[in-house]
1. Between Rg and the Kirkwood Rh of the chain, both from Cα atoms, what is the Rg to Rh ratio?
2. Can you give the extra length, in nm with one decimal, that the chain gains between Val196 and Asn128 once fully stretched, where that is 0.36 nm per residue apart less the Cα-Cα distance?
3. Under 14 Å from a point placed 7 Å out from the Cα of Trp239 along the Cα-to-Cβ direction: which residues of region 259-292 have their backbone N that close?
4. Just how many % of Cα pairs in region 159-212 lie over 17 Å apart, if you round to the nearest whole percent?
5. Per residue of region 39-56, what does 6.51 cos²θ - 1.76 cosθ + 1.60 with θ = phi - 60° give for ³J(HN,Hα)? Whole Hz please, x for Gly and Pro, Karplus curve as stated.
6. Which whole-number percent gives the relative contact order of region 225-343, counting Cα pairs below 8 Å spaced six or more residues apart?
7. Roughly how many Å is it from the Cα centre of region 441-512 to that of region 200-273, as a whole number?
8. Can you list, bin by bin at 5 Å, the percent of alpha carbon pairs in region 225-343, starting at 0?
Amino acid sequence: MAPRSRRAFLGAAALAGGFAVGGGGAFMIRMGMRHSGRFLPGTMVEGVDVSDLTPDEAADMFALRWRDYLENPVVFKTPDRDWRPTAADIGISIDYLTPLRKAYVWGRSGGIFQRTREQTQAVASPRNWPIEFGFEREKLRAYLRSVASMYFQPFNDADVTVTDGGIQFREARSGVELDWESALALVREPGPSAGVQQIEVSLLQTTPTYPTSAARQLVYDTERLVDTPLVLQFEGAGWLIPQEQLRAAITIDNSGDTPVATLDRNQLQPLFDEIDDTLGFQPIHGQLNYDPESQRVTEFQSWSDGRGLDHRSLFDRVLVAARSGPPTVDIPIVGRPAERSTPDAADLGIISRLSVGESMFINSPNYRIHNIDAGSGLLHGSVVMLGEVFSFNDYLGPIEYDRGFIDGLVIVEDSTEDAIGGGICQVSTTMFRAAFWAGLPILERHRHLYRVRYYEQGGNPIGFDASIWQPTLDLRFMNDTEGAIMVRTLFDRRRQTLKFEIWGTPTNRQVEISDHQLSNWVDSPPDQWVVDAEKDPEFKEQTEWAVEGVFASLQRRVSVDGETHLEDTFGSSFTAWPNRYTVSPDVAEKEAPEAYAEWLAGDAAEEGDGATPEVPADGESD
């Protein structure tokens with residue numbers, strides 16, 4: 001900045017002085033002395049003696065002193081040129097006019113040369129007024145940033161993109177920027193001894209954060225993802241992800257510190273949904289509604305957990321396999337828990353299955369299957385409260401036609417007759433087994449007259465059965481658990497099985513058949529024939545099957561935490577039993593001449609060995 005003229009620069013320093021003492025022309029008249037319009041002797045400004053100088057002379061002297069500095073206080077030297085900002089460009093200012101004004105009015109007060117004692121003493125002791133320096137670093141910062149912008153060349157990171165046409169690759173490029181921040185720190189604060197400052201400003205090379213080598217590795221990793229198809233498998237089921245599907249799913253993840261080749265889960269989601277639909281199923285929530293009036297459960301659904309695909313885990317496994325193998329991925333399946341209980345179930349304590357009793361009725365005649373279905377259905381939902389006794393006959397009710405039962409072959413004493421309810425002992429036997437395995441005290445149980453073949457199906461031991469005969473013979477057991485118990489019926493006509501489940505409060509009981517003894521075996525007697533003249537000439541039907549007689553002893557041990565809770569034994573003395581056939585006279589004449597002769601003679605062929613109805617043979621023809 002070129003120096004201004006004395007009057008223009010100071011704005012006539014005398015005017016400032018005149019303002020301070022009360023007015024230009026009047027001041028000159030009042031002074032009327034040899035120091036009029038001049039600084040008093042001993043006046044110093046920033047160490048410079050301005051005595052006897054007029055304000056304009058002093059202002060010109062200081063303007064000359066700071067002219068070069070204000071025109072260019074700093075030279076920034078870059079590799080290609082010098083940058084010479086003015087003081088105003090970079091926020092530097094020097095105020096010498098204000099101290100000159102203060103110095104001029106010093107020692108002048110009131111009328112002409114009227115001074116106080118202190119002022120007189122001050123004149124005898126020279127005083128120094130400092131120049132005021134200013135520095136706005138934000139202006140300097142803005143100037144340097146403006147200069148730096150002319151040199152700035154940004155670096156380019158390497159880049160890998162995936163498009164429909166394939167993998168696109170771009171190499172990295174270094175950038176350039178001016179080290180203006182270092183220059184900013186070197187600029188000194190202005191002061192009395194300030195001079196023009198020379199500062200070297202260097203250019204810096206900026207390095208890409210993602211170099212070409214890393215990008216080439218990313219290209220390799222990306223291509224590796226589609227090297228081979230993947231096979232997803234679970235328990236014999238399998239799904240293929242071909243290379244084309246993997247290629248369509250490739251994407252670059254830029255969310256981290258460096259780009260990563262990965263797969264887009266959204267592209268694979270339709271396949272994941274198909275797997276979930278195939279392998280997964282929803283849970284079945286527990287349900288129990290209890291009717292206090294009938295003391296039965298009117299609606300019951302046992303809970304069953306579901307299962308489903310762990311989508312997140314499968315995607316992670318697919319990604320690992322695509323990156324590093326192997327190409328076979330095990331499909332992760334997780335459980336979907338069901339709700340275990342309802343308010344009624346919780347109130348009664350019916351929250352867990354305690355036992356299952358099962359029997360088979362393979363090759364049973366239709367009437368027998370019908371009665372098993374009818375009788376077991378009447379027991380479904382039966383509830384036995386804590387401390388109460390279950391009576392099979394009471395809970396079943398009377399065996400009558402209007403309650404769904406039909407006629408079938410029944411053994412009464414030792415003869416075969418048509419009667420209602422044939423097959424009901426299959427139901428009582430199954431209920432006995434359920435109570436047995438629940439560890440409940442059995443209060444009443446009766447054997448059959450002879451071994452019934454249905455009750456040994458499925459490998460069940462001889463003597464693991466229970467006969468009933470209304471109203472004299474019953475099956476009874478007690479509920480000694482900590483809550484109510486419920487009977488659930490599961491009748492399966494196709495598999496020809498009957499199951500009773502007992503549900504209640506968990507007892508932690510372990511039940512086992514601790515001993516099973518068979519003794520006193522007796523061979524079965526000869527075949528027996530019943531001649532019926534009302535049958536068709538070719539009629540022949542086997543109504544009983546031969547079995548050996550035996551005494552069976554079945555011992556049960558119930559323990560809790562290894563300690564014996566209950567031990568009991570169930571004995572059964574089974575009578576040896578023959579094959580028994582019902583035939584027409586024509587068949588009897590050919591195959592059983594002795595029976596035919598007795599029939600002709602009018603002798604009533606009484607079958608059996610005197611068994612009484614108190615020990616029925618299942619109440620049916622087995």
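Read-outs: derived from the displayed coordinates by stated rules, not from any lab. Note that the coordinates shown come from a computational prediction; the quantities given were computed from them, not determined experimentally. Counting neighbours? That spans all protein chains shown, and the Cβs are built from the backbone with ideal geometry, glycine included.
1. Here the Rg-to-Rh quotient is 1.55.
2. Using 0.36 nm per residue and subtracting the Cα-Cα distance, I get 22.0 nm.
3. 265-281
4. Values: 891 of 1431 pairs.
In whole percent, the long-distance tail amounts to 62.
5. 5, 5, x, x, 7, 10, 10, 6, x, 9, 7, 10, 4, 6, 8, 6, x, 5
6. Values: 200 pairs, mean separation 32.8, N = 119.
Relative contact order, region 225-343: 28 percent.
7. 63
8. Each 5 Å bin holds this share of Cα pairs: 2, 10, 16, 17, 12, 9, 8, 6, 5, 5, 4, 2, 2, 1, 0.
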